Structure formats: structure tokens, C-alpha cells
Amino acid sequence: MLLVIQNLEVVYNDVIWVLKGVSMEIPEKGMVCLLGANGAGKSTTLKAISGVLKLEWGEITGGFIEFDGKRINSLKPQEIAEMGIIQCFEGRRLFKHLTTEENLRMGGYLLTSNAEVRLRLEMVYHYFPRLVELRDRISGYLSGGEQQMMIIGRALMARPKIMLLDEPSLGLAPLMVKEILKVIQKINQEEQVAILLVEQNTKAALAITNYGFVMENGRTVLDGESEKLKVNEDIKEFYLGLTQIGSRKSFKDTKFYKRRKRWLA
Amino acid sequence: MNVLMQALLDGICIGAIYGLGAMGLVVIQKSSGVFNLAQGMLMMVGGFIAGSLSVNMSLPMWAAAVLCMLAMALIGLIINFLVMRPLAGESPFTQIMATVGLMSILYGIVMAIWGTLPYIYPTEIIPIENIEIGVVLLSPSYLNGLIIAVVACIVLSLYYRKSREGTAMRATSEDEELAASVGIRVTKVLQLTWIIGSICAGLAGILFGMLGSVNYMMGEIGLMAIIPVFVFGGLESFVGALLAGFIVGVVNMLAGTYLEVTFPGITNVVPLVLMLTILIFKPYGLFGEERIERV
């Protein structure tokens, strides 16, 4: 296993108990998605893995995270990045006053040789040809889709072993979502990079991943192969909005609190 | 006419020194968003260190300047370690207030070590003869200020534009969390900015002292001189700081030459009035980056 998380607990500001027991396993070159409603703790899980949690007063109070068989709980963000765990934050975070290429170069900040930086840049431009003509533009003025491409490109620059993608589809046009998810899948297959994808767009996420975890209230409550999750009754009802028959469901017939109770136990 | 020419050229040279002091502010502002109010005091410390080395230990001025820069680097390191690093992640306002405290502490240290006696030292780091253009005379101390400030501006601009570390500094100023996640050592970057900022202050202090003497008033006078330059230049641009320095220096000189007789004390007020007027019409200053806002 490339990444193992066992019973992870996270507390913010010494009082806010956000993660209450998250367990996940991600194999080498795996393509895994993490699903869950708002506030379930998906983003916090990613931040705990990449270590940036410590910059925002979060603390891991229980459980452990292992990468390549090594504990990384207490490492600094840049040490974790050096190991090959690269996170893309939610909401298209970028250095908006820097140009596209400067942003990409910052992604490759840890690469020591210039030759490798050039090689990696070539690779990013191969996956996202559109970025070539935008290389000298100030990235803050790019369109949302272009920014998202640049951000995934930036992660790719860092020679990642695993990429943690936090809602790459957020706020993008449906066609753009499709395109970006396709490239993510391609990167996973061709570059041997494991991917942990956090998505609200459950259908799209399950379509391109092999395995999925579901979180609720700070716990992983369900996991399984994506094919199986797709037909799981609960997933269908809570995340895909379908009933057994496959038709859209009216809210007036829902009594989902009973089913939810069972999960929370 | 000659008086005017002399005032213009002197103004440009003095303005260059203000610009250099303001560049130190720009470095720190750019990376951490903190307005370093202790910059004037740092200038004074630099001036006194160079003064001691040159007068008491009779070192040549260039050696005193180099040693002073090393000492300033060390002081920047200590300030970052003792004051700024513990406050990392706090709001910029907290950090700015810390620099106010720093200002008093530095003032106290200077008074304890050097007291109120002024230091007068040689007027050139780079040896230059007087330059005469017609009847206008440029003295070595002024030319030194101009040359050093312009070189510093070019070096800093290129460093920030082109080098990997410089880009990392700009990246850190925008988003520390993101910078850390791509592997930039944020604490190292902040440390480096305080070192560079202090060196700029030290150099500006030496040059400032060359115009007259280094004395215990220089901290406040220096700060009041560079604040309008810093704001005017747009807070984040080295070229802006230098050009704003030229403008403020020239205006200062002209006011000193023509208005001081009728309105005593106006020389110190004019740059601030100029700053307010400019801010009304150009809120980002002359070369400030406009904030990118997308909806």
C-alpha cells in the first residue's frame, strides 16, 4: 500500500473535533475517490495527509498516516511534499499575481536540476496544450478551467507519487469538468501517479475511479470498488438522487433519517 | 537657473537614498505584508555601526560599509528569530505593532551604546571625485547615494523577477499555505526577507549619514523621509520605490530652496502632502500591483 490512514483523529483549535476516525488505504498507482456531504471532513483529511493542517491550528490527536511504510504524522508540509505527496487545494488556489509558467515552476520548486524542470514543463504542456499559449499571462486573469488545468499541471511538476485533488470540478462548466477528469485519468494511467480525488460530483468521480470511500461526520462509513458503490442503495439515494427503479425521486417521499441512523451507529 | 539645476540634481541623489531605504520596506512588505515601522531605526543602527568602524577603528569606508552590511544581516536574522517568527501567521496588524515595539527597543539600544554624540565619517564608499557640470557641482556623497541605490534597485528587481528564490518569495507573499504545500520553506523565505530588508536599511543609513552626520535623531527623520516614498511608489515595486524617491527628493529640494525662506519647516511637509494628493488619484501608488479580483 502506498498510503495507509488508520483511525485518524483531528482537532482544530484544541476544541473542534473534526475527524473522528478516518481509515483509508490507497495502493500504488491507485485511482481512489473520497465522497461525502459538505462538512464531512474530506478536505481536512487531505490537509492532514499533506501536513498543511498544522498551518491552520489543526492537530492530529489520534491514529496515524503512513506513506511508503513511513509515518508522516508529524512531518512539516514541505517534507511531505518532498516525499511526493502533492495536494491541490479546493477552490482553485493559485499564485494569482504570477504568470502561468511561474506558477508551474513554483510547483517544481523542489526539483534541483534545470533540465528536469524543463522536462516536467514539457510534460505538463503535453497534457494541457492550451497552457502553452497562456504561459506568460498573469494567472489571476485566466478562466476557471484554464486555472484548474494549471493547478493540476503545477501538482504534476512536483514529481508526485500521489496527487490529492480537492474538488477539481468546483465551479466549472460541465464540458470542462469532463475534459479535466479525463486528463486526470490519463495522468494516472500514463505517469503512474496515484490519485485521491475528493468530489461532490459523485457520478463523475465514481465513473473514473476504481475504488471509493464515503465519509460522514468525520468518519469513513463505507468503502468499496467504484462499480459496487455505484449500485449501492445508500449511495444511490444520498448522492446520486435515485431510487431503486432508477428514476428521480421526489423529496416528499423521503424518510432518509431512518437509513442514515444505521450508518452513524 | 544654476540654483534650480543644483536643486534638481541634489534632489535626485538624495531621493535615491530615500528610495533605497524604501526598498527595504518593499522587500518585507512584498513577502509578509508587514509594514516595518522600525526601518528608520534600522537605518540609524546601520549608520552608527559604520560610523564606529570608520571613526573609532579607522577602517576605510568601503570596508566599514561591507562589515556594516554583514552586521545588519545578523540583526535582521535576530529580529526575525526573536520577534517575527513567533508571530508568523498572526494578522499583519499584530506584526506591524510588533515593529513599533522594535522601534523603541532599537532606539534604546542605540542610546545605550552610542549616546547622543553625532558621528561624522568619510563621504564616499566608492571613491569618486567631485563632478562639475558647468557650475553645478555634485559631491561624492551624493553620487555614491545615486549609484548604490540604482544598483540595488536593479539587483533586487532582477532577483525577484528571474530567480527561483525570488519567485518563491512572491509566491509566499500571496499564499503561505499554498507555498508550503509546493515545498517552499516559508520560514526560510521570511528570514531571508528580513535579512535583505535590514541590509537595505543599513546601506541607506550609511548614505544618509554621509549627507551630514549620524545622530540619534536619524531614526525618526529617516522613517518620515521614506514613508512617503514607500507609499508613493506603490508598496511592492523596487523601480517604483526608486522613481518615487527621485520625485520626493526633487520636490523636497525645490521646497527647501525656494519655499523654506518664506515658510520655515515646509520642506518636511511637502512630501507628505504630495503623498496624500497622489493617493487620492492613484490609490495603488505609482507602480503598485492592482489587486486581481474575479467574481
For residue B:109 and residue A:25, FRET efficiency with R0 = 41 Å and r from the beta-carbon atoms, rounded to 0.05? 0.10
Mean ellipticity per residue at 222 nm, deg cm²/dmol - from DSSP H runs of n ≥ 4 across chain B, formula -39500 (n - 2.57): -23000 deg cm²/dmol
Any chance you could give the angle, 0 to 90 degrees and rounded to 10, that helix B:2-32 forms with the longest Cα principal axis of chain B? 20 degrees
Amide H to amide H under 5 Å from residue A:19: which residues, 5+ apart in sequence or cross-chain, H placed 1.01 Å off N in plane? A:10
Scan around residue B:237 for amide H atoms under 5 Å from its own, H built in the peptide plane at 1.01 Å from N, and keep only partners 5 or more places away or cross-chain. none
Simple spin-label model, 7 Å along Cα-to-Cβ: residue B:62 to residue A:61 in nm? 6.3 nm
Using a Förster distance of 35 angstrom, determine the FRET efficiency expected from the C-beta separation of residue A:38 and residue B:82, and round it to 0.05. 0.25
Rounded to whole Å, give me the distance from the Cα center of the stretch A:62-103 to that of the stretch B:1-54. 40 Å
Let me confirm one metric for peptide B:179-192, namely the mean number of other chain beta-carbon atoms within 10 Å of its residues' beta-carbons. 6
FRET efficiency (residue A:126, residue B:97; Cβ distance; R0 51 Å; to 0.05) is 0.55
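For the protein assembly as shown, what proportion of DSSP beta bridges, expressed in % and rounded to the nearest 5, is antiparallel?
Numbers: 30 of 49 bridges.
The antiparallel fraction comes to roughly 60 percent.
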For peptide A:81-91, compute the average count of partner chain beta-carbon atoms within 10 Å of each residue's beta-carbon. 2
In degrees from 0 to 90, rounded to the nearest 10, what is the angle of the helix B:39-51 Cα long axis to the longest principal axis of chain B? 60 degrees
What nm value, rounded to one decimal, do you get for the distance between residue B:55 and residue A:110 when each label is placed 7 Å out toward the C-beta? 5.3 nm
Please report the relative contact order for chain B, taking Cα pairs under 8 Å with a sequence separation of at least 6, and give it as a percent rounded to a whole number. 38 percent
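Ignoring chymotrypsin sites (Phe, Trp or Tyr not before Pro) that are buried or in helix or strand per DSSP, and keeping those with at most 16 other beta carbon atoms within 10 Å, what is the longest stretch of chain B between them? Don't skip to the end; give the middle numbers.
Numbers: sites that count: B:216, B:284.
Between exposed loop sites, the widest span is B:1-215.
Please tell me the relative contact order of chain A in percent, rounded to the nearest whole number, where contacts are Cα pairs under 8 Å and at least six residues apart. Mind dumping the intermediate values first?
On the way: 478 pairs, mean separation 65.5, N = 265.
With pairs under 8 Å counted, the relative contact order is 25 percent.
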Put +1 on the Cβ of every Lys and Arg and -1 on every Asp and Glu Cβ in the stretch B:2-281; which of B:17, B:160, B:68 then has its Cα farthest towards the positive end of the dipole? B:160
Projecting the Cα atoms of A:138, B:125, B:84 onto the charge dipole of the protein assembly as shown, where Lys and Arg contribute +1 and Asp and Glu -1 at Cβ, the residue farthest towards the positive end is A:138
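Quick one: which of A:161/A:236; A:70/B:188; A:161/A:182; A:76/A:161 span more than 24 angstrom between C-alpha atoms? Intermediate results must be reported in sequence, preceding the final value.
Working: A:161/A:236 32 Å; A:70/B:188 26 Å; A:161/A:182 19 Å; A:76/A:161 17 Å.
Listed pairs above 24 Å: A:161/A:236; A:70/B:188.
Provide the packing ranking of B:22-31, A:21-30, i.e. peptides ordered by the mean count of other C-beta atoms within 10 Å per residue, highest first.
Working: B:22-31: 27.6, A:21-30: 17.7.
Answer by packing, highest mean first, reads B:22-31, A:21-30.
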Within 10 Å of each Cβ in B:154-164, how many Cβ atoms from other chains are there, averaged over the peptide? 1
Angle in degrees between helix A:114-127 and the longest Cα principal axis of chain A, rounded to the nearest 10: 50 degrees
When the helices in chain A are scored as -39500 (n - 2.57) per DSSP H run of 4 or longer and the sum is shared across all residues, what 222 nm value do you end up with, to the nearest 500 deg cm²/dmol? -10500 deg cm²/dmol
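Hey, fewest Cβ within 10 Å first, where do A:72, A:49, B:133 land in order? Let's see the in-between values first.
Values: A:72 20, A:49 25, B:133 10.
In increasing order of surrounding Cβ atoms, one gets B:133, A:72, A:49.
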Percent antiparallel among DSSP beta bridges confined to chain A, rounded to 5, stands at 60 percent
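Throughout, read-outs are computed from the coordinates displayed, never taken from laboratory work. Values in this document were obtained by computation on a predicted structure and should not be read as measured data. Note: ideal-geometry Cβ built from the backbone for every residue, glycine included; neighbour counts use all protein chains shown.
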